[in-house]
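Below: the structure, in C-alpha cells.
The values are calculated or read from the model by the stated rules, or taken from the named source; none is laboratory data. Here the structure is a predicted model, which means the values were calculated and not measured. Glycine gets a Cβ as well: all are built from the backbone with ideal geometry, and neighbour counts include every protein chain shown.
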Amino acid sequence: MSVLLDKMRRRAGRYLDVRPAPIRTGRGTFSLSFDDIPATAWTEAGPILAGHGIKATYFVCGGLESGSNLDRPQFTTAHLQALFEAGHEVGCHTFSHANALRMSAADYAVDLGRNATWVAERLDGHRMTAFAWPFGDVARATKAVVAGRFDLGRGVGDGVNAGTADRTNLKAIGLESRRLPGYDLEALMERTAERKGWLIASGHDVMDRPTPYGCTPEDLDRVIRLARAAGLEIMPIGAAWARMEG
C-alpha cells in the first residue's frame with residue numbers, strides 16, 4: 001500500500017499546483033548540475049568544465065560533508081569553497097538529503113533553513129536561489145515551501161523545458177552512464193535549439209567506474225561537446241533563470 005501511496009503522491013507533486021513560468025532563451029540553453037556533490041563531481045569534473053570554459057550548478061547537502069555514499073567519498077568544505085571560488089553556482093539540496101514524501105512541509109522548511117545557514121557560514125553569506133529535489137520526489141504541500149524560498153526547483157523528469165515549465169519542478173535528463181545510451185542526445189540538443197528551450201542535465205559522481213548514478217569523464221566531455229555542436233549556450237541553472245527573468 002505504501003508503494004502505491006508514494007506513487008500517487010509523486011504524481012500529485014508533479015502534476016498539481018504547477019507554477020508555470022515562460023521559458024525564454026535566445027538560442028537554446030544547456031545547464032549541467034551535480035547533486036549531493038560526491039568528491040569526484042569536483043576533482044574529476046572540475047578540470048573538464050574548466051577545459052571547456054563553462055560553469056555548472058552544484059546542489060549541496062551540508063549533512064553529507066566529508067561523508068560517504070555508495071562507498072564513495074563526498075565533498076569536503078574545501079571542495080565546496082574551491083568550486084564556489086571558481087565561479088560555479090551552489091544550490092540547495094536540503095541539509096539531510098531529505099525526502100519530501102517522508103517529512104511534513106514544516107519539517108522540510110526547517111531542514112532547508114539549516115542548509116541555508118550551513119552554506120552561508122562557509123561561503124561568505126552566500127544565499128542559494130536554486131533548489132533540486134532529493135530523489136526527485138516532489139510533495140505537493142512542500143512545493144509551496146520551495147516556491148517561497150527559491151527562484152526555482154529542479155526535478156528529474158526527462159525532457160526539454162520549453163514554452164512554459166513548472167518553476168518548482170523543472171525537467172532534467174539523467175547524466176548517468178547507464179542511462180545516457182537510452183537518450184538520443186543529438187536529437188535532444190537539436191530540439192532544444194529549435195524550440196529555444198532549456199535542457200538541464202542532473203549528475204552525481206564522475207569517474208572511470210562510476211556508481212549507478214554517475215558518469216565517466218568521457219561521458220561528461222561528450223555531452224558538453226554535443227551541446228556546443230548544437231549551438232546551445234551553456235550556463236549554470238541560476239544564471240539561465242536570471243537571464244530569462246530579466
**Report entry** strands (runs of 3 or more DSSP E) wholly inside segment 1-101 containing at least 1 residues that are within 16 Å of the chain's Cα centre (by Cα)
**Finding:** 29-35, 57-60, 89-92
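So if I check each of 240, 201, 230, which one is of a type in the set (Gly, Ala, Ser) and surrounded by fewer than 23 Cβ atoms within 10 Å (Cβ to Cβ)? Please lay out each step first, then the result.
Numbers: 240 fails: surrounded by fewer than 23 Cβ atoms within 10 Å (Cβ to Cβ); 201 fails: surrounded by fewer than 23 Cβ atoms within 10 Å (Cβ to Cβ).
230 is the lone residue from the list that is of a type in the set (Gly, Ala, Ser) and surrounded by fewer than 23 Cβ atoms within 10 Å (Cβ to Cβ).
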Report task. Return a yes/no flag: does segment 61-71 have any residue that is surrounded by 15 or more Cβ atoms within 10 Å (Cβ to Cβ) and of a type in the set (A, V, I, L, M). Result -> yes
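Take the conditions modelled with pLDDT under 95 and hydrophobic (A, V, I, L, M, F, W, C) and apply them to residue 147. Does it pass? Reasoning before the result, please.
Details: modelled with pLDDT under 95: no; hydrophobic (A, V, I, L, M, F, W, C): yes.
So residue 147 fails the test.
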Query raised in the report: Looking at segment 194-246, which of its residues are among the basic types (Lys, Arg), part of a loop (DSSP other than H, G, I, E, B) and in contact (Cβ under 8 Å) with a residue 40 or more places away in the chain?
Result: 195, 196
Requested in this report: Scan segment 204-218 residue by residue and report those that are touching a Pro at 6+ places or on another chain (Cβ under 8 Å), over 13 Å from residue 56 (Cα atoms), crowded, with 16+ Cβ neighbours inside 10 Å and of a type outside the set (S, T, N, Q).
Outcome: 205, 206, 207, 214
Report task. Kindly indicate whether residue 157 is at pLDDT below 95, surrounded by 15 or more Cβ atoms within 10 Å (Cβ to Cβ) and under 19 Å from the mean Cα position of the chain (by Cα). Result -> yes
Requested in this report: Spot the failing condition for residue 195; the list is (1) surrounded by fewer than 21 Cβ atoms within 10 Å (Cβ to Cβ); (2) at pLDDT 95 or above; (3) closer than 26 Å to residue 108 by Cα, and only one is missed.
Outcome: (3)
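Residues being acidic (Asp, Glu) and in contact (Cβ under 8 Å) with a residue 40 or more places away in the chain: count how many of those fall in segment 136-183. Full working, then the answer.
Start the filter on segment 136-183 by keeping residues that are acidic (Asp, Glu), which leaves 137, 151, 158, 166, 176.
Imposing the further condition that a residue be in contact (Cβ under 8 Å) with a residue 40 or more places away in the chain reduces the set to 137, 151, 166.
Result for segment 136-183: 3.
Every residue, every condition in (1) touching a Leu at 6+ places or on another chain (Cβ under 8 Å); (2) under 16 Å from residue 168 (Cβ atoms); (3) surrounded by fewer than 18 Cβ atoms within 10 Å (Cβ to Cβ), yes or no:
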{"position": "75", "(1), (2), (3)": "yes, no, no"}
{"position": "85", "(1), (2), (3)": "no, no, yes"}
{"position": "93", "(1), (2), (3)": "no, yes, no"}
{"position": "100", "(1), (2), (3)": "no, yes, no"}
{"position": "104", "(1), (2), (3)": "no, no, yes"}
{"position": "113", "(1), (2), (3)": "no, no, yes"}
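Only residues that are among the polar types (S, T, N, Q) and either buried (at least 16 other Cβ atoms within 10 Å of the Cβ) or part of a loop (DSSP other than H, G, I, E, B) (or both): list them for segment 115-152, please. Steps first, answer last, please.
Residues of segment 115-152 that are among the polar types (S, T, N, Q), as a first pass: 115, 117, 129, 142.
The answer is 115, 129, 142.
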Query raised in the report: What are the residue pairs meeting all of these: first residue in segment 122-135, first residue closer than 17 Å to residue 10 by Cα, second residue at pLDDT 95 or above and among the aliphatic types (A, V, I, L, M), Cβ atoms under 7 Å, and 6 or more apart or on different chains?
Result: 133/100; 134/98
Requested in this report: Starting from segment 1-28, take each residue that is surrounded by 15 or more Cβ atoms within 10 Å (Cβ to Cβ) and list its partners that are of a type in the set (Lys, Arg), counting only C-beta distances under 6 angstrom and pairs at least six apart or across chains.
Outcome: 12/140; 13/140; 17/140; 17/143; 19/167; 21/167; 25/196; 28/196
